[in-house]
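Everything on this sheet refers to the single structure shown next.
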Amino acid sequence: MALALGRHSLLMKLYIAMGVVTLPLLLLHPLYVLPTVRSQLHKDRLRTMQQVVETAHGVLVHYEERVRRGELTTAQAQSQAARLLQGMRYDGNEYFWVSDLEPRLVMHPHLPKMVGTSVKDYLDARDKAVFVDIAELARKQGAGSLEYYATRPGETETQLKQSYVKLFAPWGWVVGTGIYVQDINSEVQVLQKRLVFAVLAALGLVGLVGLAFSRRVVHPVRALADAAHRVARGDLGFKVPVTSTDEVGRLGEAFNTMVSGIRETVHGIADVAVSTVADADRIRHSADILSQATREQSEQLQRLADAVQDMSRDLSHGAQRALNTAESAAKNGRVAQEGGETVEHASQKISEIVQVVQRSAQMVARLQASSEVVSQMLRLIQDVSNETNILAVNTAIEAARAGEHGKGFSVVASEVRKLAHRSREAVQQIEFLLKQNHEDTSATATLMRQGTLKVEEGMRLSSATGEALSRIVTGVREIYTKVGDMANEGTRQSTAGENIAERIKSLSINSLEAVAGVEQIAQAVVDLHAQAKQLRALAERFSTQHLRERP
């Protein structure tokens, strides 16, 4: 609905709005206004009938008072009151009638022949006993209204009639009057015609107002719309003519002021766009340089962090190796101490060996002396063997000279010779062995003397070794202490190096974040550059002449 209305002109919208306002009025007439008016007229007529019946009832009350005062008799009062009521009229031709409770017709201006007669059998067009119902209503309620069909005087067609009646109890009279419903409908029709005429007149007035509105509002608004289209196309030198001081005129003045402000704003936007493009280029160049420098710094920090980490690891490994070295030195110190103790024990053993060697040398010397004696004895045995051999040869010669008697001596001589020969061989072997033993003993003595010298030298070296090992143990202890201190210091330096590396890494990460931030700034500057160009392009949509002209 809104889209459909949006396609119509302002004047058409005004007519549609007026039609929307008028259409409910047209619908309200038959649906609400006329029924309400008809009901209100009916109520008013009923109230009017009640008032006039009260008036007629007041006439009867007046004559009853005259009767009470003795001015008239009841018959006189009733006769005068009937004549008076018969001549009374209201609303032009409306009249009263009087009946009693039997019912009989006491007075009726249009039914004089039925006055004084019973109307119990009087029926309306719908066979309704009207006067019987009136008497019954008066008897039960004292007053009230009822409907029935009757013929208007001078007409033949029956119409619906509504009457209001009231009982005058002292006389037993029921005074009443009525109206025809057709009269109310006629009044409503007249009112309806007047309302339709008023609505049509209002529509005509709306049309005239629309024409006046079109001339006073729509045409200037259309001019404003055309001017807005020209401004949208870039023409900022156009002004709307202002011919009135009302809202439309103020709107035109505001439009002209707005166009002037837009012209000034566009001029400023163009200048700002140009300067923004230049500033964006400079910022982008600076951001690129800063980004490159920050990136290089980040890379250097990363390399420095790696180097510090490597140094920290080397320090840690060096500290570990120093600790291992200290432990090895401690172990070597213990080994050296044990070696010193072993060397001391070896020195004691060597001293004992020297004593044994010395005693062995003495024994070898005695063996040499004994071998000299044995040599002398062997020479003596050899001499005895030679002499025995000579003696055996001589014996054999003498036995050969003796012949048979000397055979025994020859055998003995042979055996003696063999014994001498074996003795000589044994002596030779003993001499050879003794000579070899003498040589070996001499060599052994020489070796013993040399060994004694070496052992004595070994004792001196062993003592020197023990002293050196003692100094080594002391040095190892000092080395262990210093290496332990170096290891602890290396550990602290490694921990400090790791902390420095972590801080450098944090700086590197911050540098990377700074690089990312600078790149974001650079991207934002690029976007700003593009937006500034777009802004400049938008500003260039307007007339260049108007941009050069300042109001």
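The values are calculated or read from the model by the stated rules, or taken from the named source; none is laboratory data. These numbers come from a predicted model, not from an experiment. In this analysis, Cβ positions are derived from the backbone assuming ideal geometry, glycine residues included, and neighbour counts consider all displayed protein chains. Note: accessible area is taken over every heavy atom of the protein model, side chains too, but ligands, DNA and RNA are not part of it. Shrake-Rupley method; radii C 1.70, N 1.55, O 1.52, S 1.80 Å.
Tabulated data for the structure shown
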item	result
Rounded FRET efficiency, nearest 0.05, which uses the C-beta distance separating E467 from R492 and R0 of 41 Å	0.60
Theoretical FRET efficiency, 1/(1+(r/R0)^6), r = Cβ-Cβ of L101 and L31, R0 45 Å, to 0.05	0.50
Heavy atoms of E94 accessible to a 1.4 Å probe, total area in Å² rounded to 10	30
Length released on extending from E404 to E478, taking residue separation times 0.36 nm less the Cα-Cα span	16.1 nm
Potential lengthening between A254 and A232 on full extension [0.36 nm per residue; Cα-Cα distance subtracted]	6.3 nm
Members of K140/K161; K349/K435; K482/K505; K113/K161 lying beyond 24 Å, as alpha-carbon distances in this model show	K349/K435; K482/K505
Residue-span extension gain [H110 to S351] - 0.36 nm each, minus C-alpha spacing	67.8 nm
Rg ratio (alpha-carbon, reference 2.2 N^0.38 Å) - the stretch 48-150	1.11
Approximate spin-label separation N510-K418, in nm, with each point projected 7 Å along Cα-to-Cβ	12.3
